[in-house]
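First the structure, in the form of structure tokens, and then the observations on it.
No lab work stands behind these numbers, since they all come straight from the coordinates. Computed from a predicted model, the values in this text were never measured in an experiment. In this analysis, Cβ positions are derived from the backbone assuming ideal geometry, glycine residues included, and neighbour counts consider all displayed protein chains.
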Amino acid sequence: MRMDINDHIMLWSHAHCRLADIRRIILKAGQSASPYTIPASVFLMSVRGTAEFSLGGTAYTVARVNLFHAGKGVLLNIHAGADGFEYYILYYKASLASPARPELIRLSESLRPFQMTYSFVPAVPVALLRCLSDMHNEWQKAGTLTLLRVSALFQQFIHELLNQIHTQGMREEKRDLAAQIISIIHDRYAEALTLESLSDSLNYSVPHLSSYFKSRTGLSPIDYLIKVRVDKAAALLLETDATLKEIAIGVGYQDPYYLGRLFKKHKGYSPTHFRAKHSAKRRAEDCPSPSMRSSIVSPGPLSYTVVSDNHYQHENEGDQAMFTTFKQPLAAVLLFSFMLVLSACGASSVPEATERPATEATEAPAATEQPKTKLVTTVAGEIEVPTHPQRIVAGEYLGSLIALGVTPVGTSNHHIQNPYFGDALKGVEDIGEGNGNIEKILDMQPDLIIMDDTYAEMNEQLPKIAPTVVIPFASLKTVHEEITYFGKLLGREQEAEDWLADYDRRIAEAKEKVLQVIPADSTFSVLELMDKNISAVGANYGKGGQPVYKSFGFKPPAVVGPELNDPGWASLSSETLPTYAGDYIVLTSDSHSLEDLKNDPIWNSLDAVKNDRVFLWESKRSWYWDPIAILSQTEELADWLVGL
């Protein structure tokens, strides 16, 4: 779809819209919807399944979540695929609100935004589906308040759609599943969220959704939901006089006593004691004082440019643009010159410089002196970072730091549990679950913070503490990209080059010895078995996928290949397992042993199980896929295959 999105945003901002109808339609496998001429403008969004359909004479093949728009009078024809097809269809009427400026009228007549036909694959489908689901639920009710609510949801839907169309032009990668789950939880924490409802919203199986989220954050989705609810309750305790019962209902619990138990478990105090303790502290901080101190920002002056994180300001820049030596602004040069003049005149009242005594200010800087800061281009724009940071907090990308010989002062809990880091994290502080806790990070007084974009709300606050580099999850596609990026960021280019040379050598050696004993055309399945739920994963989601499919170059069974490319995993049933099982199986399971598999009729029917070609490991070893983990796993799997 090609459009000047800013013009469309302008027209939608001045539009009068009315929702005419919204339906959720389910077609069975092979079923067709009768062709008909659309009576109003429509948005059609697929929810699950596949279909072949035409819209205004243009044919489409639909799988997973897609969104379509068409105007009144367009012919729609839908034929469901073998899995059936489920979709929302929203009918609306829109026109420019009167009176409209002549230039808006001309623009509307030229673009015809409410009549044009287009398709769009959203990077964040969940937000759009949530609006449609809420609209559909409200539409079934009666009453004037319902109409007001539906109207508000429709505006929210349009805003989200235009925002995604706008941002995907600059950033095309899909948003990480864990980030989508977090977004849903933050938006809907007060509702009755369950794993099943999350699974339905995202169109992924419960086992995969839960397993993947925990591998990314160290928490289950429900544990994260509880954490968010408790944090929201804590904020309400401090910011309002609401009762515990009112707060409980506001954060999604009907029983205030249950919230009280959860609150004490997570915060260490009962809600009553927490409110009393922090209210007293807040009153003290609210009193005017000549030595006032911010409760958010470090007491020392920050010499770095603070840029609030903006998830959508990503630009593709070359290495030279990403890492630019910071130049002193003109004002600083003039100030330094002024200090020299005063010093030459014998002025005794000149204050000391912040980095060195005033007596040294007259000395010319050494020719070899390195700049203390540099500019880095990030998704938040250009930020100023230390050239050689000394106190780094890393919520993510810890493996690359360790590979470069950098020990952070703090990292998140699930990285501290990484078995492949060994003694490298000795003395490193735990900043908390997920990507950490703001207060703990503040106490560490970092000079650089490194995060991914999973926790967007948290990333908006971190630049107030220290320069914060946010690298979108999975935007660094290979080990070489990641190590090279951090080598430049941290001023350790030579260490990066040396580590990658050693990495390439060891990977090549592992591959060579494997291919001496395992035929190159052998098929491999990388599976996860949790309780009775089975899923297969591809080359980008841990569990051995990177070593098997990238390092060794093996292929999965052909039938599952397309799914392992996109979306990258597949949910299997016991009945279909034999079809998806390869000659060799790398299996993650915390609930089954090899003996259990051999006692199961279906598993024991697999050649890989019968011939002892199954590598079984627990999630605490298989879930990691940082550069150090990938290297260690590759060598471990190579030793297993050679020893068969």
Amide H neighbours of Ser412 at under 5 Å, excluding residues fewer than 5 places away on the same chain, with H built from the backbone geometry, are Ile431
Would you mind checking which residues have amide H under 5 Å from Thr523's amide H? H placed 1.01 Å from N; only 5 or more apart, or other chain.
-> Asp583, Tyr584
For Lys264, counting only lysines whose alpha-carbon sits under 16 Å away and dropping same-chain residues fewer than eight positions off, the answer is Lys227, Lys232, Lys245, Lys277
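Between Glu86 and Glu575, how high is the FRET efficiency from 1/(1 + (r/R0)^6) when r is the Cβ-Cβ distance and R₀ = 22 Å? Nearest 0.05.
On the way: r = 23 Å, r/R0 = 1.04.
E(calc), rounded to 0.05, equals 0.45.
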Counting only pairs 8 or more places apart or on different chains, how many lysine pairs in segment 430-551 have C-alpha atoms closer than 27 Å?
-> 13
Cα→Cβ-extended label distance, 7 Å offset, between Val642 and Gln140, nm | 6.1
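So between Gln156 and Arg505, what do we pick up on full extension, going 0.36 nm a residue minus the alpha carbon distance?
Extra length from Gln156 to Arg505 when fully extended: 120.4 nm.
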Here segment 252-267 yields Karplus 3J(HN,Hα) values (6.51, -1.76, 1.60; θ = phi - 60°; whole Hz; Gly and Pro given as x) of x, 10, 7, 9, x, 5, 5, 4, x, 5, 5, 4, 5, 5, 8, 9
Using θ = phi - 60° and Karplus 6.51 cos²θ - 1.76 cosθ + 1.60, couplings along segment 471-476 (whole Hz; Gly, Pro as x) = 10, x, 4, 6, 6, 9
For Lys598 and Ser32, extending 7 Å from Cα along the Cα-Cβ vector and measuring point to point gives, in nm, a value of 5.5
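Using only alpha carbon pairs under 8 Å that are at least six residues apart, calculate the relative contact order of segment 513-642 and give it in whole percent.
Working: 221 pairs, mean separation 40.7, N = 130.
Relative contact order here is 31 percent.
Could you line up Cys131, Cys17 from fewest to most neighbouring Cβ atoms inside 10 Å? Before the final figure, lay out each step's value.
On the way: Cys131 23, Cys17 16.
Least crowded to most crowded, the residues run Cys17, Cys131.
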Among Asp447, Asp423, which comes first, then next, by fewest other beta-carbon atoms within 10 Å?
-> Asp423, Asp447
Each label point is 7 Å from the Cα along the Cα-to-Cβ direction; what then is the distance between the points at Ala276 and Arg24, in nm?
-> 4.7
Sort segment 96-170 into rounded, prolate or oblate with this rule: let a ≥ b ≥ c be the square roots of the eigenvalues of the Cα gyration tensor; rounded if a/c is under 1.5, and if a/c is not under 1.5, prolate when a/b is larger than b/c, oblate otherwise.
-> oblate
Between His166 and Cys17, what FRET efficiency follows from the Cβ-Cβ distance if R0 is 30 Å, with the result rounded to 0.05?
-> 0.95
Using 1/(1 + (r/R0)^6) with R0 = 60 angstrom and r between the beta carbons of Tyr257 and Thr61, what's the FRET efficiency to the nearest 0.05?
-> 0.65
Express in nm, to one decimal, how much length is gained between Lys620 and Ser475 on full extension, taking 0.36 nm for each residue of separation and deducting their alpha carbon distance.
-> 49.8 nm
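Sort Ile449, Ile89 by Cβ crowding within 10 Å, fewest neighbours at the top.
Working: Ile449 28, Ile89 19.
Least crowded to most crowded, the residues run Ile89, Ile449.
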Integer Hz, Karplus 6.51/-1.76/1.60 couplings in order for segment 407-422, x for Gly and Pro | 9, x, 7, x, 8, 6, 4, 5, 7, 4, 7, 5, x, 7, 8, x
